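The values are calculated or read from the model by the stated rules, or taken from the named source; none is laboratory data. All figures in this text were calculated on a predicted structure; none of them were measured in a lab. Positions of Cβ are backbone-derived with ideal geometry, glycine not excepted, and every protein chain shown enters the neighbour counts.
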Amino acid sequence: MSGTQRAVRRAVVLLLGVLATLAVAGPAAAHVGGGAAGSDFDGVLRSVTPELPGVTVRLLDFGDQLEVVNDTSTELAVPGYSGEPYLRIGPDGVWRNALSPATWLNLDRYGRTTVPDDVDVDAEPRWEQVSTRPQYLWHDHRTHWMTEGQLPPAVLADPTSAHLISEWTVPMTYGGTDVEVAGALTWSPPPPGWLVWPAYVLLLGAAVLAGWLARGPRPLAAMVVLGALAALHHALATPQPAATVSSHAGAIISALLPALLVVLAAAGCVRAALRGRGGLAGMTAVVAGWLMLVEGLPDVDVLWTAHALTSGPQLLARPAVAVLVAGGLGLVVGGVGAARRFREEGRPASPAVRPGGLRS
């Protein structure tokens, strides 16, 4: 291989490395769920009675947040926990009563916000506009488990079974008509460690051994292809974020950046492996493994929880993240091994020196 070809290939690998560094912000921007991609709790929205055409009510982040989007010309009102005026969502945006305790309690997942002294459920509402768009997202404490670091008594009594934790309702009014939003909160046991952790170790070990012990670079390239497939699935299964945050298309595009770079690195790795360029295959495997870690680590809690935030099948969510995290780490280590081994094997041996200083 000529010096020019070597320089071009090294430049390509360097460019992929730079793009890998820049891609770190991609999954963070696309990630939804308040920092949690997995949970043993799960909220279910069962009904909105009566039905409200033009009004969308969604339960997000395993029941942690409630979202209302009202695209109609009629105002929808949400009372606070004591029945006091709390929210007005309508054609002129969102108005929130600063004197409702719910205004302050709902700012935090566990209601830890300090309530000002002048807050009074019996006082005349002090309306403040918080959005010009008719949509709002809040932590309604009726829809999720509120005790941080402590499981419900039923779960503590039987942690190996699924449980219905609560059935809840959130009252609203729509143009003077009473509306009831109903749902439930459940808990499911996480997968047993003895079942899933050996699979994670196997993924890690397979990628490392493919780089350090395989006779050629093709097994390493096969692991990179598996990582590319997992990266694409994970990106395309990005759940729909809150309407108040961003669009679903924008979230997927943001998540696709590292995934597409993994595909590009995989193509380079396969091409190098088929041509017997083990050193180059190892270098691209390192880049691919880093990109997989960038995409998978924000969702690593999926590996030990019962539910995952995904728009795809739950059955595939955990394996995809396992390939990204365990396989990605293995490719970084295995790729380094392959780059060193195959570079040294391809280096011409130094001629032996005979006694007297003459080379053979």
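The C-beta contact set for region 139-155 (first residue closer than 13 Å to S39 by Cα, second residue among the hydrophobic types (A, V, I, L, M, F, W, C), distance under 6 angstrom, 6+ apart or interchain) comprises W145/F41. Of all residues in region 182-198, those satisfying the criterion of being surrounded by 14 or more Cβ atoms within 10 Å (Cβ to Cβ) and closer than 26 Å to L316 by Cβ are G183, A184, L185, T186, W187, S188, P189, P190, P191, V196, W197.
Being buried (at least 21 other Cβ atoms within 10 Å of the Cβ) and part of a loop (DSSP other than H, G, I, E, B) is the filter here, so list the residues in region 215-240 that pass it. Give the steps one after another, and end with the answer.
We begin by selecting, within region 215-240, every residue buried (at least 21 other Cβ atoms within 10 Å of the Cβ); these are 217, 220-221, 223-224, 227-228, 230-231, 234-235, 238.
Once the filter is applied, which keeps residues that are buried (at least 21 other Cβ atoms within 10 Å of the Cβ) and part of a loop (DSSP other than H, G, I, E, B), region 215-240 yields P217, T238.
Tell me the residue from L293, L260, L331, L315 that is within 17 Å of A206 (Cα to Cα), without any contact (Cβ under 8 Å) to a residue 40 or more places away in the chain and either in a helix (DSSP H, G or I) or out of contact with any Pro (no Cβ under 6 Å at 6 or more places or on another chain) (or both), please.
Details: L260 fails: within 17 Å of A206 (Cα to Cα); L331 fails: without any contact (Cβ under 8 Å) to a residue 40 or more places away in the chain; L315 fails: within 17 Å of A206 (Cα to Cα).
Residue meeting the stated conditions: L293.
The requirement of being of a type in the set (S, T, Y) and modelled with pLDDT under 95 is fulfilled nowhere in region 170-179; no residue meets it. Scanning region 274-311 for residues that are touching a Ser or Thr at 6+ places or on another chain (Cβ under 9 Å) and small (G, A, S) yields a count of 3.
Selection of region 141-162 for residues being surrounded by 20 or more Cβ atoms within 10 Å (Cβ to Cβ) and of a type outside the set (S, T, N, Q) yields H144, W145, V155.
For region 269-306, the set of residues classified as of a type in the set (G, A, S) and either crowded, with 24+ Cβ neighbours inside 10 Å or outside the structural domain of G327 (by TED's automatic domain parsing) (or both) consists of A272, A273, G278, A281, G282, A285, A288, G289, G296, listed by residue number.
Please indicate, with yes or no, whether at least one residue in region 170-181 is under 27 Å from the mean Cα position of the chain (by Cα), within 18 Å of Y81 (Cα to Cα), buried (at least 16 other Cβ atoms within 10 Å of the Cβ) and not assigned by TED's automatic domain parsing to the domain that holds V325. Give the steps one after another, and end with the answer.
Step one: filter region 170-181 for residues under 27 Å from the mean Cα position of the chain (by Cα), giving none.
Scanning region 170-181, I find no residue that is under 27 Å from the mean Cα position of the chain (by Cα), within 18 Å of Y81 (Cα to Cα), buried (at least 16 other Cβ atoms within 10 Å of the Cβ) and not assigned by TED's automatic domain parsing to the domain that holds V325, so the answer is no.
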